[in-house]
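Q: Questions regarding the structure given below will be posed in turn.
The values are calculated or read from the model by the stated rules, or taken from the named source; none is laboratory data. For clarity, every value in this text was computed on a predicted model and none was experimentally measured. Every residue, glycine among them, receives a Cβ derived from its backbone with ideal geometry; neighbour counts consider all protein chains shown.
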Amino acid sequence: MSLPIIHALCALPLAQMPASDGGGHGGLIALAVLAVVAVGAWLLLRKPPAQRPDHTAKLARPGAEQDDGASTSAERKKHREQAGSIKLSADGQAVKITPEQARQIAKDQAEHEALAALRKAAEMAGDSSAREQKAALAQGLQKTKAEGFIARLGKLFAGKQIDESLYEEIEEVLLRADLGVKTTHELLQSLKDASSRKELANPAHVWKTLREKTQQLLDKVGQAPVVTRVAQGPAVIMVVGVNGSGKTTSIGKLAHRYSKEGHKVLVAAADTFRAAAVDQLEVWCQRADVPIHRGKENADPASVCFAAIERAKAEGFDLVILDTAGRLHTNQGLMEELSKCARVSAKALPGAPHETLLVLDATMGQNAVKQAELFRESVPVTGIVLTKLDGTAKGGVVLAIASGIGLPVKLIGVGEKMSDLRDFDAALFVEELFDGAGS
Ligand SMILES: Nc1nc2c(ncn2[C@@H]2O[C@H](COP(=O)(O)OP(=O)(O)OP(=O)(O)O)[C@@H](O)[C@H]2O)c(=O)[nH]1
Ligand SMILES: [Mg+2]
C-alpha cells in the first residue's frame, strides 16, 4: 500500500469529527483511530520472510546445517536436498547445484590443491638431488679436471692459434689421457673440420667444438638405466670384473640404493673361492640391510647363482645381484666359468641375467678398455660400472669405453661411501668435464 493511501485513511476520521466538540474529547478518539489505522497499514505492508528476495547467494558448504525450520536431522537433510545450493556459473549467472555436486566441487578442489603441493615437493626434491649429483660428480672429476686432457689441452692452446702445426701435439695429449685411438681421431677430426671452416679463430669456439663432439660421441652409445624390474620373476644382475676392480663394494652400494628405493633385493655370494670374499659381502649386506644367499665354500659358482635365483623366485624378491669372483680377462678357464654362470642363470629364469655389469677400475686407463673387450667375448656385457674415478686423472677413459668400444657406462664410482656410486649422466659429465675449460 502506498503512502498517499495511508494519509487518506488517517485523515478520514478527523474530517468526520464535529467542529463543536472543541477538540478535547474528539481529539483523543481521533488519535486512537489514527493509531489503529497505522498499525493496520504496517501489517498490510509487511511481506512474509519467504517472499523477500535473497541477495546472499553463496556456495553452500557441504554438510553445513541451515536454519530451514526442519526439526530432525533427516528432515534437515531432505530440506537440503530439495533446496540445493547456489553457485556462480562461468558466465556469471547464479545456478542451482545439488549438495552432491557441491561436495564433488569441494573434493575436486581439494585434490587439485593436494596435487599441486605434491608436484612442488617433487620439484624441490628433484632440484636437491640434481644439485647433489652435480656436486658428487665435480668431486669425482677433480683430478681429471686438474691434470687430465682438458687441462693439458688448455696449456697447449694458451695464446696460440689452432692450426695444423698443433695437430700432432693435440693427438699426443689425447692418447696419453687414455682416450684411445678411435676417440682421439674423432675429436681431432672435429677440430680439423672446424679449422677448415675457419671457425677456430676464437678460443671459445675450439672448446665448443670439442665439447659438442664429446657429447655426440657419448650420445651415440645412448643411456639406459640399470634393469631393476622385469615382467616375470626377479630381475637378475650379474656383476663381473678383474680382481679388485670394485665389484663387491659396488654391489653393496647398489643393494643399499635399490632396497631404499623399495625393491626387495637378494645378494648372492657366487665368489666361492675365498671365505673372506663372502664375509666382505656379508658386511656390505648388513650395512645395506638386505639378505645374502651364501653357497658352500668352494661350491661351483654357477650352482650358487642357480640356487639364489630359485630362492628369489620362491620368496618373491624383485632383484637378485650376483657377486662373482675377480678373474683375469686373459684366463680362459675362469672366463669359461663365468659363461657358465650366465647360462645356468638363464636355466633358472629365462632371460637372466637381465643385466651383466662389468666393473672397471678407471685408474687402469687403456687396460680397462682391453678388459672390456675380452670380458664381452665371454659374457653378454650390457653396461659398465666405472669405479675409482675419484682417484685418477684418467676420467677421459669414459670416452674410450663408450665411443671406442660402444659399451654404455651406466654407473660411476666417485668414492668409498655408500652413496658414492652414481648413475652416469652423459650431459652432466660433459658439462662438468668442460666446466671452466680454457679459462
Ligand atoms: N676411491 C674409491 N675406491 C673404491 C671405489 N670402488 C671400490 N673402491 C675400493 O676398491 C677396493 C676393492 O674393492 P672390492 O669391492 O673389494 O673389489 P672386488 O672387485 O670385489 O675385488 P675381488 O673380489 O677381490 O675381485 C676397496 O678398497 C674399495 O673400497 C670407488 O669408486 N672409489
Ligand atoms: Mg669381491
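Q: Within the bounds of the range 251-272, is there any residue that is over 28 Å from the mean Cα position of the chain (by Cα) and in a helix (DSSP H, G or I)?
A: no
Q: Pairs needed: first member in the range 277-297, without any contact (Cβ under 8 Å) to a residue 60 or more places away in the chain; second member anywhere, basic (K, R) and part of a helix (DSSP H, G or I); C-beta distance under 7 Å; at least 6 residues apart or different chains.
A: H293/R311
Q: Let me ask something else about it. Taking G413, is it within 16 Å of ligand 2 (Cβ to nearest atom) and at pLDDT 90 or above?
A: Here the answer is yes, as G413 does meet what is asked.
Q: Consider the range 227-244. How many of its residues are within 28 Å of Q332 (Cα to Cα) and either assigned to a loop (DSSP other than H, G, I, E, B) or of a type in the set (S, T, Y) (or both)?
A: 4
Condition check ((1) in contact with a Cys (Cβ under 7 Å, 6 or more places away or on another chain); (2) closer than 19 Å to D323 by Cα; (3) within 16 Å of ligand 1 (Cβ to nearest atom)) across all residues:
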position: L349; (1), (2), (3): no, yes, no
position: T356; (1), (2), (3): no, yes, yes
position: G365; (1), (2), (3): no, no, yes
position: Q371; (1), (2), (3): no, yes, yes
position: E377; (1), (2), (3): no, no, no
position: V381; (1), (2), (3): no, yes, yes
position: K394; (1), (2), (3): no, no, yes
position: A400; (1), (2), (3): no, no, no
position: G406; (1), (2), (3): no, no, no
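Q: Name the residue that is nearest to E261 (Cα to Cα), counting only residues in the range 283-302 that are among the aliphatic types (A, V, I, L, M) and in contact with a strand residue (DSSP E or B) (Cβ under 6 Å, 6 or more places away or on another chain).
A: V290
Q: Tell me, yes or no, whether the range 272-283 has at least one residue that is modelled with pLDDT under 95, among the charged types (D, E, K, R) and within 13 Å of ligand 2 (Cβ to nearest atom).
A: Looking through the range 272-283, at least one residue is modelled with pLDDT under 95, among the charged types (D, E, K, R) and within 13 Å of ligand 2 (Cβ to nearest atom).
Q: Something else: Pick from the range 316-328 the residues that are under 19 Å from R274 (Cβ atoms) and surrounded by fewer than 22 Cβ atoms within 10 Å (Cβ to Cβ): which of them is farthest from ligand 1 (Cβ to nearest atom)?
A: So, considering only residues that are under 19 Å from R274 (Cβ atoms) and surrounded by fewer than 22 Cβ atoms within 10 Å (Cβ to Cβ), the one farthest from ligand 1 (Cβ to nearest atom) is L328.
Q: What helices (runs of 4 or more DSSP H), lying completely within the range 109-204, carry at least 2 residues that are within 20 Å of E431 (Cβ to Cβ)?
A: Hits in the range 109-204: 142-147, 149-157, 181-196.
Q: Can you tell me which of G396, G365 is under 21 Å from E171 (Cβ atoms), in contact with a Lys or Arg (Cβ under 7 Å, 6 or more places away or on another chain) and not hydrophobic (A, V, I, L, M, F, W, C)?
A: Testing whether each residue is under 21 Å from E171 (Cβ atoms), in contact with a Lys or Arg (Cβ under 7 Å, 6 or more places away or on another chain) and not hydrophobic (A, V, I, L, M, F, W, C) leaves just G365.
Q: On to the next question. Considering T228, T248, T214, which residue is over 25 Å from the mean Cα position of the chain (by Cα), away from ligand 2 (no atom under 11 Å from the Cβ) and hydroxyl-bearing (S, T, Y)?
A: After applying the criteria, what remains is T214.
Q: Follow-up question, since we're still on this one. What is the number of the single condition among (1) crowded, with 19+ Cβ neighbours inside 10 Å; (2) within 14 Å of ligand 1 (Cβ to nearest atom) that V283 does not meet?
A: (1)
Q: I'm checking my understanding of the structure. Among residues of the range 138-164 that are among the small types (G, A, S) and more than 12 Å from A177 (Cβ to Cβ), which one is surrounded by the fewest Cβ atoms within 10 Å (Cβ to Cβ)?
A: Step by step, filter the range 138-164, then rank; the result is G159.
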